[in-house]
1. Does Asp347 satisfy the criteria of being within 24 Å of Ala242 (Cβ to Cβ) and not in a loop (DSSP other than H, G, I, E, B)?
2. Could you grab me the full set of residues in region 260-276 that are charged (D, E, K, R) and outside any helix (DSSP H, G or I)?
3. Between a first residue in region 329-346 that is within 12 Å of Gly190 (Cα to Cα) and in contact (Cβ under 8 Å) with a residue 24 or more places away in the chain and a second residue that is within 11 Å of the ligand (Cβ to nearest atom) and of a type in the set (Val, Ile, Thr), which pairs have beta carbons less than 6 Å apart while being 6 or more apart in sequence or on different chains?
4. Give me the pairs: first residue in region 13-41 and in contact (Cβ under 8 Å) with a residue 60 or more places away in the chain and among the basic types (Lys, Arg), second residue away from the ligand (no atom under 11 Å from the Cβ) and assigned to a strand (DSSP E or B), beta-carbon distance under 9 Å, and six or more apart or on different chains, which are they?
5. Return yes when Gly106 is closer than 30 Å to Pro301 by Cβ, within 16 Å of the ligand (Cβ to nearest atom) and in a loop (DSSP other than H, G, I, E, B) and no when it is not.
6. Testing Ala241 on (1) among the aliphatic types (A, V, I, L, M); (2) within 13 Å of the ligand (Cβ to nearest atom); (3) within 20 Å of Thr209 (Cβ to Cβ), one condition comes back false. Which one is that?
7. Report whether or not Ala283 is under 18 Å from the mean Cα position of the chain (by Cα), in contact (Cβ under 8 Å) with a residue 40 or more places away in the chain and under 25 Å from Val90 (Cβ atoms).
8. Out of Ile279, Ile257, report the one residue that is hydrophobic (A, V, I, L, M, F, W, C), farther than 22 Å from Gln25 by Cα, outside any helix (DSSP H, G or I) and within 15 Å of the ligand (Cβ to nearest atom).
Amino acid sequence: MSDYRGYDKQNALLNLLGIKKPIIQAPMAGVNTPALTAAVSNAGGLGSYGVGAMNSDAARKTIREIRALTEKPFNINVFCHQPAIANETVEHLWLEWLAPHFAQFGAKPPEVLKEIYTSFIVDEAMATMLIEERPAVVSFHFGLPEPNVIAALKAAGIRLLATATNVNEAQQAVSAGVDAIVAQGIEAGGHRGAFDPQRDDELGTVALTRLLASKFELPIIAAGGIMDGSGIAAVFALGAAAAQLGTAFVACPETSIDDGYRRALLSDAAYRTTLTDAISGRAARGIANKFTQLGADSAAPTRPDYPIAYDAGKALHAAAKAQGEFGYGAQWAGQGAALARALPAADLVALLEAELKACARVLAERCAT
Ligand SMILES: Cc1cc2nc3c(=O)[nH]c(=O)nc-3n(C[C@H](O)[C@H](O)[C@H](O)COP(=O)(O)O)c2cc1C
């Protein structure tokens, strides 16, 4: 076996996904829009749309909206977390602890917290809808669905991707029959895709990409901290067949982010990101702000399960925002956030490709000497 296993997988992945460029816009629930997804797919990459926070009717409508904007393949992403276990006492103490923060904005916390969305692993309506609508690609985050669901999606001709944050999760995804693995490093913006949030190995993108590319036959898609053509070239050197970029696309005018998020991303605040589980109930990386600071409070009680805690997190953000305070938003962003460029998505894809080629030329010269 060659030490460079992984380097010849790019064409296989492009053919499998039906795309021209090895650039994937990460699914970003709450931030992505049909316009963003379609723009990236029309530009030759793979546009993605996260429906993890939607029900099947809304997701179906979204797929049709994307289809109205592009004939190219796109990816629909679902959340495969273990369903939340409600605990009234934990939730009550959490709301009590948050109450003074709501009070600053003349608001009260919700009386009770809800599991604001359903995991795909128990959402039969979502699986049926996907099989009917047949997006070209479906991706899984936080885990994997049952084998019968995977078999049904594959039988419908859908290509499958799964996030893995270590070798063990990648092995599970390979055994389950997915087509390619998204290697998500600790640098990544948004939620950690770890299958069990209590057991996160916190591997960086470089080590994880290399580990997976040398161990598995499947194409590996690197994600986490990749912001420009240099980052893409770097993960190709590690054996990745494609790069998945989230934060790099957040500043595109096609996203649905609010002014506070956009300002933070395009300011010096973007130099500091941090992981917190206080906003949603699961570890996620975002720009350090008032909410992440709150999460670092050692007096914080046990947080409710994901996504029950998110119900409170979104309510606190709404109360603060109504008073002009944006610092309680989930401003998800990866460690490279300060490198974000506020370009239309199609222009960004073209620029990434040009940077990648320029970087490859420089590297070829350097490596030849
Ligand atoms: C705003 C935001 C939202 C995200 N939402 C999702 C999601 O819905 N599903 C998913 O699989 N990954 C999601 N992610 C994680 C990405 O798939 C990817 O791992 C990450 O963006 C890569 O790191 P980067 O942001 O540094 O490029 C999100 C990331 C960001 C920045």
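1. So Asp347 passes the test.
2. Once the filter is applied, which keeps residues that are charged (D, E, K, R) and outside any helix (DSSP H, G or I), region 260-276 yields only Arg272.
3. From region 329-346, the pairs are Gln331/Ile287; Ala333/Thr247; Ala333/Thr273; Ala333/Ile287; Gly334/Thr247; Gln335/Thr273; Ala337/Thr247; Ala337/Thr273.
4. Taking only residues 6 or more apart or on different chains, the pairs are Lys21/Leu46; Lys21/Ala242.
5. no
6. (2)
7. It is true that Ala283 is under 18 Å from the mean Cα position of the chain (by Cα), in contact (Cβ under 8 Å) with a residue 40 or more places away in the chain and under 25 Å from Val90 (Cβ atoms).
8. Ile279
The values are calculated or read from the model by the stated rules, or taken from the named source; none is laboratory data. Just so it is clear, the model here is predicted, and its values are computed rather than measured. Methodologically, a virtual Cβ is constructed for each residue, glycine included, from the backbone with ideal geometry; neighbour enumeration extends over all protein chains shown.
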